Amino acid sequence: MLAIEQKTELEEILDVLGENLSITETQHDAAVRSYKAVGNWLTTEDSELALYKPVVSPQGSFIIGTTIQTIDPDGDMDLDVVCELNGKRPDWTQKDVKEIVGNQLIKHKKYESILDEEGRRCWTLKYRENSSPNERYHMDILPAINTHGYSIILEKAYSNLKDQDIQELVLSITDNERPEYDYSIEPIEWLQSNPFGYAKWFMNIADNIKGKRTKMFSLNESVNPTPKFQKDRLPLQRAVQLLKRHRDIMFKDYSDEDKKQKPISCIITTLAAKSYDGEDNIADALLNIIDNMESHIANRYDYATNRYIKWISNPVNEAENFADRWALLGSKREDFFNDWIKQLKTDFKIFQSSFNRINLSESLQKSFGNEPVTRTFSAIGNKMRMLTEAGNNNIDRKLGLVGTATTGLSSVSKVQSHNFFGNDQEA
């Protein structure tokens, strides 16, 4: 059991660590500029899409504040965006919509040069212009049809998403593995997705801390096509960032093929949110999430294969199973997920008992990588030094803690500022 003072210190360390794992304001602004430029190009006068007023908006981790840096200095960050059309021509199929978006991208010399091979649902632009580490990303552009009216999304959802009916945010998306891909002209028959509804669901949970609303994180602002950078995070957001980083570290030495089967972010995020119980600190949130994630994985009978399969429901579309690929022949996904949960429980035991900074640093480096942990302890050390020099720092002689959190304890002494002159000064 951690003393209150150690829990306070651990909270600061985990929060700063999460901040160091987050994308920077420079990265955020570069990504926003890039997808805004794509949106502008898709709406040019000669585009077949112009009549349907496409809006390119972020989705996924970018709008719920859980994006993290890559562990590979030469790796690409993921940026998921939706190319949302206000309707379509009556005879356009899924294939037509997707190909028209792709053809418009090809007409732009820059986009043609960075356009990857066609994906199952998306077109991918690989931005590799900036040679600085961790400032490269690929943008997955998901073509989608808004069948409820353009004005609902642009005017209502961006300004007041929390009051929006989730079903009004449903989009029809393209998927070239669906049987109706080549012939269906009715978007209602297409695969349905609800990225904005999911964001609303997640943030409604994250923003409810011990039954109280914080209003710290503006979902309306983050879903806007030009969101401002937000530095601070809620405990659930930080917990998801740390869980995703732990996964990346654990699987970093696996083969390229096996890495593709590591736990996917939407599963981690969904199970974390379903397990979160309003904890007001990151360590408690993490421990509770790890203990309860598996309880939100169901066993369902699949009549197509005559067997039970694992089921992780999309919270805004219960008919969608995020773990559908676990049941594929030869899949290692379920085993890898179970291995990861077991490793989490082992690695995060240090959060449950008294620790010293050396042991904690070593444990965190194993779980999250040397560089961000070293940066975290350095930043906190510099803060402590400045507090000491200002005469506002304390040390608890029993716990070995340094900081303002020890104020008021009977075993506390002031940390004296160094003058660097020694004691033998001549008058």
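The values are calculated or read from the model by the stated rules, or taken from the named source; none is laboratory data. Predicted model, so just to flag it, every value in this text is computed and none were measured. In this analysis, Cβ positions are derived from the backbone assuming ideal geometry, glycine residues included, and neighbour counts consider all displayed protein chains. For the accessible areas, the whole protein counts, side chains as well, though only heavy atoms, and no ligand, DNA or RNA atoms are used. Shrake-Rupley method; radii C 1.70, N 1.55, O 1.52, S 1.80 Å.
Just need a number here: residues in segment 230-241 that are in a helix (DSSP H, G or I) and surrounded by fewer than 24 Cβ atoms within 10 Å (Cβ to Cβ). Before the answer, list the steps.
Filtering segment 230-241 for residues in a helix (DSSP H, G or I) gives 235-241.
This time we only want the ones that are surrounded by fewer than 24 Cβ atoms within 10 Å (Cβ to Cβ), so: none.
Total satisfying the criteria: 0.
So that you can scan it fast, the table gives a plain yes or no per residue for (1) open to solvent by 50 Å² or more (accessible area, probe 1.4 Å); (2) touching a Phe, Trp or Tyr at 6+ places or on another chain (Cβ under 9 Å); (3) assigned to a strand (DSSP E or B); (4) modelled with pLDDT under 95:
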position	(1), (2), (3), (4)
N338	yes, no, no, no
K342	yes, no, no, no
V373	no, no, no, no
N382	yes, no, no, yes
Within segment 173-188, which residues are exposed (fewer than 15 other Cβ atoms within 10 Å of the Cβ), of a type outside the set (V, I, T) and within 30 Å of the chain's Cα centre (by Cα)? N176, E177
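For segment 31-147, give me every one of the strands (runs of 3 or more DSSP E) that falls completely inside it and has 2 or more residues that are crowded, with 17+ Cβ neighbours inside 10 Å and touching a Pro at 6+ places or on another chain (Cβ under 6 Å).
Numbers: elements: 55-58, 77-85, 123-127, 137-145.
Passing ranges, in order: 77-85.
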So if I check each of I264, I312, I289, I249, which one is closer than 19 Å to W201 by Cα, touching a residue at least 40 places away in the same chain (Cβ under 8 Å), surrounded by fewer than 19 Cβ atoms within 10 Å (Cβ to Cβ) and not small (G, A, S)? I264
Note on V55: of the conditions (1) at pLDDT 90 or above; (2) farther than 30 Å from F251 by Cβ, unmet is (1)
